[in-house]
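Visitor: Here's a structure for you.
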Amino acid sequence: MESIGLKCPKHDKLNELNCLVCNTYLCPECVTEHGEKGHKPKYLHILQYAARYGLGKLDKLIENSNKASVSIEAESKQLVDSLKPVVPKLKELLDSQLQALTYLKTLSNQLQIYSGQKPKGSYAEGIRKGLMTEKTRMEVALKDKKTKELVACSQKIEEAVNLTIKPIPIAKLIEGLKTVTEKLETSKGCKSTLFAAGKVAAKCRMLKLTKYSGSWKCDRQYLSTKMSLTEDGLTFGNTASNGYPGIIGDEPFESGLYAFEVIPTNLECAGKEGFGIIERDKYLTAFQTDSTTPTVHNDIIGFMHRNEAKNMTAERTSDMQSGAKYYVRVNMVELYVTITGPGLSLRADLKPGVVYAPCFSCGCSGNKLKIRPLTDYDEPDATS
């Protein structure tokens, strides 16, 4: 019998229908596709199926277990004893695979970003700027004796050197990634896919492409009972009228150019409403301290209601206006961020070797921040 759990992984709905022909549990949306599997289906809802078949099968199991109690005892003891040496090895293998898949997901996110990008200027100039940025980051990390950042910079440099020593044609790189990805759909292709995706990602990082895909949204893994978030992940608010919870985007800002629009609405009180970017590690520390109310308004590099420039230098400033459009632009090539809007012009320099994330804070229920990631760094005109 085919079993895919209580919920359908494709439609995220309860598998409440049973196909009597192939004995498969399905969700209501799967029904339209199921008839294509080579048989004429016959469906029964779980309420009817359980009453008609489930109870009878359960009675049969109870009857059989009474007859075979001696053999069940022996088999159960053998099972428990046999599991002791197997489970630790299985867990070790699973942990290893999960780590690989987590890293593969990171690579996949990076490649998704790169696939929607176009260069701002020439590719060669982008590469040169990128290498100069890495040099600056390494010099700062050496001066400050930041081991972690030095390792990250060194690994990127090694990637770049290897790509020049052992040049692989782009067509061959992509063909290799396509081949191992197809294998991953059916079998044990994770390690090969990881290697191929890493090669392509390294090549993309070298190009330092500078137009962001704009497909990110607020990260639901940090959503708590004190926060509200629309289904599309792009309108954030507070539900509790106490505390100042913040949330970040689900894509890190690591290299290239990024831009997004924010429209504050219903600004009836000043409850630490604000937006901008944050050092991702600082947000994670705040979330570990209090996952219900991760308070990060002091760490945001951004603009706060009413007219506070948080960790930024103000060229012009004015009160945050409800319904007005504000634009955040993050330049990870030249390491600075700007925020513009009605009567507003803010700027801050960013640190080399640091990963940032878009960040939003809200402290009063009813106040909302509507977000729109931009696919073009220059949309709208920077003077708006």
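Visitor: Lysines within cross-link reach of K57: Cα-Cα under 17 Å, excluding same-chain residues under 8 positions apart?
Guide: Once the sequence-local lysines are set aside, what remains near K57 is K67.
Visitor: Here is a follow-up. Rounded to two decimals, what is the ratio between the C-alpha radius of gyration of the chain and 2.2 N^0.38 Å?
Guide: Expressed relative to 2.2 N^0.38 Å, the Cα Rg reads 1.27.
Visitor: Taking the 0 to 90 degree range and rounding to the nearest ten, how far is the long axis of helix 147-165 tilted relative to the main principal axis of the chain, both from C-alpha atoms?
Guide: 90
Visitor: Moving on to the next point. Considering the dipole of the stretch 97-207 built from charges on the beta carbon (Lys and Arg +1, Asp and Glu -1) around the Cα centre, which of V140, C204, I165 is farthest to its positive end?
Guide: V140
Visitor: In whole angstrom, how far apart do the alpha carbon centroids of the stretch 267-318 and the stretch 48-119 sit?
Guide: 42
Visitor: When the dipole is taken about the Cα centre of the chain, and only Lys, Arg (+1) and Asp, Glu (-1) are charged at their Cβ, what size is it in debye, to the nearest 20?
Guide: 820
Visitor: Among C22, C362, what is the fewest-to-most ranking by other Cβ atoms within 10 Å?
Guide: In order of increasing Cβ crowding within 10 Å: C22, C362.
Visitor: Taking Rh as the Kirkwood radius computed over C-alpha pairs, what is the Stokes-Einstein D of the stretch 17-67 at 4 °C in a medium of viscosity 1.567 mPa s, expressed in µm² per second?
Guide: D, rounded to a whole number, is 106 µm²/s.
Visitor: If you don't mind, another one. In nm, to one decimal, how far is the E33 label point from the V161 one, both placed 7 Å along Cα→Cβ?
Guide: 4.8
Visitor: I need to check one value: relative contact order of the chain, counting alpha carbon pairs closer than 8 Å and at least 6 residues apart, in percent.
Guide: For the chain, the relative contact order is 16 percent.
Visitor: Can you spot the lysines whose alpha carbon is less than 21 Å from K310's alpha carbon? Ignore those fewer than 8 places along the same chain.
Guide: Within the straight-line limit of under 21 Å, K310 reaches these lysines: K272, K282, K325, K351, K368, K370.
Visitor: Between I127 and K105, what is the FRET efficiency for a Förster distance of 30 Å, r being their Cβ-Cβ separation, to the nearest 0.05?
Guide: Once the sixth-power term is evaluated, E becomes 0.70.
Just so you know, all these numbers are worked out from the coordinates, no wet-lab data involved. Because the structure is predicted, anything quoted here is derived from the model rather than measured. So basically every Cβ, Gly included, is an ideal-geometry build from the backbone, and we count neighbours across all protein chains shown.
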